[in-house]
Amino acid sequence: MRWSSIFLSSLSRSFHRRLHPQSTLNGFEFAQHFFTTEILSSAKEGVLSKRMSPFIAFVLGGPGSGKGTQCTKIADAFGFTHLSAGDLLRKEILSNGENGAMILDTIKEGKIVPSEITVNLIRRAIETSENHKFLIDGFPRSDENRIAFERIVGAEPDIVLFFDCPEEEMVKRVLSRNQGRIDDNIETVKKRLKVFHTLNLPIVNYYSGKGKVHKINAVGTVDEIFEKVRPLFAAFSNNGKD
Ligand SMILES: Nc1ncnc2c1ncn2[C@@H]1O[C@H](COP(=O)(O)OP(=O)(O)OP(=O)(O)O)[C@@H](O)[C@H]1O
Ligand SMILES: Nc1ccn([C@@H]2O[C@H](COP(=O)(O)O)[C@@H](O)[C@H]2O)c(=O)n1
Ligand SMILES: [Mg+2]
């Protein structure tokens, strides 16, 4: 028997006895139990307890209403991780995954990608993050999105931000965005606006009914709008969920 094994076995037995005074396990059983159960499960609990109640803000609004712009500012000011559903889907297209072509066609048409795909991209991003505060931008875009999130991630948003912007302003912003997006053209924008009215707005109404929506008038400069958003997050940062 190696000295290191004897040492580990007796060390683990002493820890184990402190935790479980009635235990009758022998030295090697102690060691096995200690390293496989107690150390591993305490590491797991650490991860779970951190994730058990992450702070989730859904950020909604029509195309070009300024969701991404404001999320960047909120993330910088309040330490949130910004997860844009659209960006996750665009990355998936670039990664040449099996769904890439279908996602590209769907985005070109301004339609909604099957929820399971989007939610799993969000889930993975949450799981691999060290953070516990997330802005989920552009999600949920439909009832199906919302239900899939509840089922797969098993969480509800703490708050929902809704950037309320007139249609002409949204169209103007999208058409001058100039970031090479395949859906920043007048035909797709018209389709996205239809989807916004038929599928996205009912989600805003759903969360309004639960008292979770903070509606922000999205007209004004980026800084003016951020000054309306800031107090919300300052309040949440001060009330202990930070
Ligand atoms: N308050 C503002 N005033 C003028 N332009 C703005 C304002 N906020 C954002 N923009 C600009 O409008 C364009 C759209 O903004 P942004 O990308 O943040 O919108 P979005 O809601 O994320 O849109 P999408 O749903 O299409 O991703 C960008 O070019 C951005 O720089
Ligand atoms: N929940 C979502 C979010 C986005 N999409 C698709 O991506 C397009 C771009 O999204 P942005 O948030 O970056 O504007 C959007 O028009 C949809 O085609 C989605 O399917 N589901
Ligand atoms: Mg965006």
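Side notes on the structure shown:
- Residue within segment 28-44 that is among the aromatic types (Phe, Trp, Tyr) and modelled with pLDDT of 95 or more present: no
- Residue under evaluation ARG51, criteria (1) more than 21 Å from ASP143 (Cβ to Cβ); (2) in contact with a helix residue (DSSP H, G or I) (Cβ under 8 Å, 6 or more places away or on another chain); (3) modelled with pLDDT of 50 or more, criterion not met: (3)
- Matching entry among GLU169, GLU127 (being more than 10 Å from ligand 2 (Cβ to nearest atom) and under 24 Å from GLY97 (Cα atoms)): GLU127
- Some residue of segment 116-139 being part of a loop (DSSP other than H, G, I, E, B), open to solvent by 20 Å² or more (accessible area, probe 1.4 Å), more than 15 Å from ligand 3 (Cβ to nearest atom) and farther than 25 Å from ALA235 by Cα: yes
- Residue ID - surrounded by the most Cβ atoms within 10 Å (Cβ to Cβ), chosen from residues in segment 84-113 that are in a loop (DSSP other than H, G, I, E, B) and more than 8 Å from ligand 2 (Cβ to nearest atom): ASN99
- Of the listed requirements (1) more than 20 Å from ALA57 (Cα to Cα); (2) near ligand 1 (Cβ under 9 Å from one of its atoms), LEU193 misses just one: (2).
- In this structure, GLU187 does not satisfy being assigned by TED's automatic domain parsing to the domain that holds PHE80, open to solvent by 20 Å² or more (accessible area, probe 1.4 Å), away from ligand 3 (no atom under 14 Å from the Cβ) and more than 27 Å from ILE93 (Cα to Cα).
- Scanning segment 124-138 for residues that are out of contact with any Ser or Thr (no Cβ under 7 Å at 6 or more places or on another chain), more than 17 Å from SER53 (Cβ to Cβ) and charged (D, E, K, R) yields a total of 1.
- One residue alone among VAL153, VAL119 is farther than 23 Å from GLY211 by Cβ, within 12 Å of the chain's Cα centre (by Cα) and modelled with pLDDT of 95 or more, and that residue is VAL119.
- Residue in segment 227-240 that is in contact with a Ser or Thr (Cβ under 9 Å, 6 or more places away or on another chain) and assigned by TED's automatic domain parsing to the domain that holds CYS71 present: no
- Taking segment 196-225 as the range and being more than 14 Å from PHE58 (Cβ to Cβ) and either within 11 Å of ligand 1 (Cβ to nearest atom) or touching a strand residue (DSSP E or B) at 6+ places or on another chain (Cβ under 8 Å) (or both) as the test, the residues that pass are PHE196, ASN217, ALA218, VAL219, GLY220, THR221, VAL222, ASP223, GLU224, ILE225.
The values are calculated or read from the model by the stated rules, or taken from the named source; none is laboratory data. The structure displayed is predicted, hence computed values, not measured ones. Neighbour counts run over all protein chains shown; Cβ positions are idealised from the backbone, glycine included. Only protein heavy atoms, including side chains, enter the accessible area calculation; ligands, DNA and RNA are left aside. Shrake-Rupley method; radii C 1.70, N 1.55, O 1.52, S 1.80 Å.
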